[in-house]
1. Once you place label points 7 Å from the Cα toward the Cβ at V132 and E201, how far apart are they in nm?
2. Given the Cα-Cα distance of H100 and N215 and 0.36 nm per residue of separation, how much length would full extension add, in nm?
3. Which order, highest average first, do 112-125, 224-237 follow once you tally other Cβ atoms within 10 Å for each residue and take the mean per peptide?
4. Under 1.5 on a/c is rounded, so check that first for segment 3-118, then, if it is not, pick prolate when a/b is larger than b/c and oblate when it is not; a ≥ b ≥ c are the square roots of the alpha carbon gyration tensor eigenvalues.
5. Give me the distance in nm between label points sitting 7 Å out from Cα along the Cα-to-Cβ direction at A121 and E226, one decimal.
6. Once the Cβ-Cβ distance between Q66 and W162 is put in as r, and R0 is 41 Å, what FRET efficiency do you end up with, to the nearest 0.05?
Amino acid sequence: MEETEGHTMIQDLDEIGNFDAESLLQAIKSDIRYHEVIHGCLNCGICSGSCPSHRFFDYSPRIVIQTVLNGDAEKVKEMMDEYIWACAQCYTCALRCPFHNSPGGLVMIMREVAVWRGMPAVSRLLKPYGRVLLKVLSIGNQLTPDMIQPDFFPDWGPKIPWSSTDLAIKRKAIPVYTLQVTTSAWKVSPETSYELYTIYEETGIFKLVEDVDPNLFEVVNDMVQELREQVEEERARS
């Protein structure tokens, strides 16, 4: 585990499966970003008052910060199971906080620790995002327009339905070579994918995916093996 000035740069892969409450809290507080997002809390509640998730769910960014600052490890662990996943990551809390705290930033750290540790809640909560994860792992791209369903986003305006239709035709009209594809936002060469997969493997990403979603890992692993054989054959011929 690499450290800079006493703060963790990356989660230790040996800690995967370690759900000890004190260890989880220590991982959060040792993150290099921790002191950038937390400067002290007045407990004023301005963050909760401006939080859109607070309006619709049993969620309060003020409670998240107070719980972490108070060092209540068991409560923090409990929050990481479901509570913090109600955060919309809009960072309105960070804009409003008179102490320049970022509860949303703290939640992001907590979520990352939960993912790195392979907490059971992660598999359940991220299952609806399997298609997005597959996109990221296979081509390095998070989202394509054909994945957006306008009916779920009426506040985006009346032009969104038009933007989401006839994508194949519209993309062909784009004069940029890398965008003239109909299955992804950009075309990725086999060599680039090969390098991307190597990074995922060396940094433990594939191990995390296997723990969080074994079915997704099986699909991705088949893709990786097939592409590696293709690249190695091309390299051998050249």
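What follows draws every value from the coordinates through simple rules; no lab data is involved. Source: prediction; values computed, not measured. Counting neighbours? That spans all protein chains shown, and the Cβs are built from the backbone with ideal geometry, glycine included.
1. Rounded to a tenth, the inter-label distance reads 2.8 nm.
2. The span from H100 to N215 would gain 37.3 nm if fully extended.
3. Highest mean packing first, the order is 112-125, 224-237.
4. prolate
5. 3.6 nm
6. 0.35
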